[in-house]
Amino acid sequence: MSESAWSAWPFDATLALALPAIAWRLVAGRTLHEAIVLFVSLGLLTSIAWTRLDAIDVALVEAGLGTGVTGALLVSSLAWAETRVSSGPLPPRRPFTPWTFGLLVVSGALYLAWIVLASGDGRAGLSEQVAAAMARSGVSHPVTAVLLNFRGYDTLLETAVLLVAALGVVSLRRPSYGPARGEALPRSNVLESVVALLVPSGLLIAGYLVWAGSHAPGGAFQAGAVIAGCAVLLLLANRIRAPRLSFPTRALLSMGPALFVALAGAPLLAHESLLEYPPVSGGRSIFVLELALTGSIAVILTMFFPPLETSDGGAP
Amino acid sequence: MIALHLLSAALLVAGAFFFLSGTVGLLRFPDVYTRLHAITKADNLGLGFVIAGVLVEAHSFRTMMKLVFTWALVLASSSLSSQLIAKRAFDRGAKPWSPT
């Protein structure tokens, strides 16, 4: 915790009050539009809260994936729903639903508070074991060491889940999905010129996040989310076509998970256990793996976004 | 040093004032166009003051450049989103307010 922690208590108190208030409005809200706007605000404030707790990695993931990509997905689903479902207020719910939900949340929060208080001096957990093993991890940032080395199987399975989700999305699409090749698309000059400014900055930030992952907060998931954000901007500005399942797309999609499986399995040939990278090459393998994962995650997240509606945008 | 702290505090308070004005405008103005006008103009100016206030206290050139970069990105994206919202509203037939 930084030295300014005590002078910032009014800020922290405001944050601590605003989070449950926004969450309440979100649950009690009457329209989808209102709920989505509140969801994005909640995510931004949550990532500020993680920053205040010195959990920069969590804050980056919350801002990039939990708020950025998810918020954009929700907005695009809302736009889809508006053309098909009547977009009035939600049907009235039984009045006790928010209360039941609130009760669950409050008891969950109390349980968490009890765990924190019962663990004593706050140093419980695995941070000492992680610190002791850092020298063998090949990287100098504890979060990256845990995610890609000590608990690598967790991340391996997560990337597999993302890959399967992207394949599920693709298989549910109409074959004629997306504008046909050569079809003239509407363009917006303002959107295009701002996108031309934002996308290079976004790619620069993504590159920094991958590079920083080995010694500071950052990494493949955050960088992938930023690149996917750039891709969605380009899709919205009609500068690129939505990715089809062509051979290059398949190669990009599977690059990260495949490399991960290969790296995880390689130690088996040397009669070690799964995911036991040799200490010397650990850092290099982890960096190459992060690069490949960034590419795959970016493409996977981009595939979640439906393309713009064209003239045939009827019911599927 | 005291003068610098005071300058920083004055800039931050000015920034907070513009954010507050923008929020009042967002809540009180009659239609989507005037509301967008209030929120983007006042908030971008407010953010400029906040960034300037933090710049005064920044310790390194790198931090300063990051702050300026942040401001530029927010300016670009907020002007873009306000234009998109206004255009969408206009295309869907939202009538501009007139004082009659």
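The values are calculated or read from the model by the stated rules, or taken from the named source; none is laboratory data. Nothing here was measured: the structure is a model prediction, and the numbers come from that model. Every residue, glycine as well, gets a Cβ built from its backbone with ideal geometry; the counts of neighbours run over all protein chains shown.
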Q.
on the phi < 0 side of the Ramachandran plot and outside any helix (DSSP H, G or I): which single residue out of B:Trp97, B:Trp71 fits that description?
A. B:Trp97
Q: List the number of the failed condition for B:Pro30; all other conditions in (1) over 24 Å from A:His33 (Cβ atoms); (2) away from chain A (no Cβ under 14 Å); (3) not in a helix (DSSP H, G or I) hold.
A: (1)
Q.
Can you tell me which of (1) within 11 Å of chain B (Cβ to nearest Cβ); (2) modelled with pLDDT of 85 or more; (3) farther than 21 Å from A:Leu253 by Cα is the one A:Pro200 doesn't meet?
A. (1)
Q: Find the residue count for segment B:45-62, including only residues that are assigned to a helix (DSSP H, G or I) and either touching a residue at least 60 places away in the same chain (Cβ under 8 Å) or more than 14 Å from every other protein chain (Cβ to nearest Cβ) (or both).
A: 11
Q: Those residues that are more than 19 Å from the chain's Cα centre (by Cα) and within 15 Å of A:Ala165 (Cα to Cα), I need them from segment A:250-268; list them, please.
A: A:Arg250
Q.
A:Leu245 - would you say it is within 30 Å of A:Val169 (Cα to Cα) and surrounded by 19 or more Cβ atoms within 10 Å (Cβ to Cβ)?
A. no
(Q) Go through segment B:86-100 and report how many residues are away from every other protein chain (no Cβ under 14 Å) and without any contact (Cβ under 8 Å) to a residue 60 or more places away in the chain. (A) 4
(Q) Just to verify a result, which residue in segment B:63-85, among those that are aliphatic (A, V, I, L, M) and either in contact with a strand residue (DSSP E or B) (Cβ under 9 Å, 6 or more places away or on another chain) or at the interface with chain A (Cβ under 8 Å from one of its Cβ atoms) (or both), is nearest to A:Glu192 (Cα to Cα)? (A) B:Leu80
Q) Residue check, A:Thr249 against (1) in a loop (DSSP other than H, G, I, E, B); (2) under 24 Å from A:Ser77 (Cα atoms); (3) of a type in the set (S, T, N, Q), all met but one. Which one? A) (1)
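Do the conditions hold for B:Arg35, that is, is it assigned to a helix (DSSP H, G or I), among the charged types (D, E, K, R) and either in contact (Cβ under 8 Å) with a residue 40 or more places away in the chain or more than 22 Å from B:Ala86 (Cα to Cα) (or both)?
When the stated conditions are applied, B:Arg35 does not pass them.
Can you work out which of the residues in segment B:35-87 that are aromatic (Phe, Trp, Tyr) and closer than 30 Å to A:Ser188 by Cα is surrounded by the fewest Cβ atoms within 10 Å (Cβ to Cβ)?
The selected residue is B:Phe69.
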Q) How about segment A:12-58: which of its residues are touching a residue at least 24 places away in the same chain (Cβ under 8 Å) and closer than 30 Å to A:Ser214 by Cβ? A) A:Gly43, A:Leu45, A:Thr46, A:Ile48, A:Ala49, A:Arg52, A:Asp54, A:Ile56, A:Asp57
Q) From the list A:Ala212, A:Ala216, A:Ala264, A:Ala242, which one is within 14 Å of another protein chain (Cβ to nearest Cβ), at pLDDT below 85 and on the phi < 0 side of the Ramachandran plot? A) A:Ala216
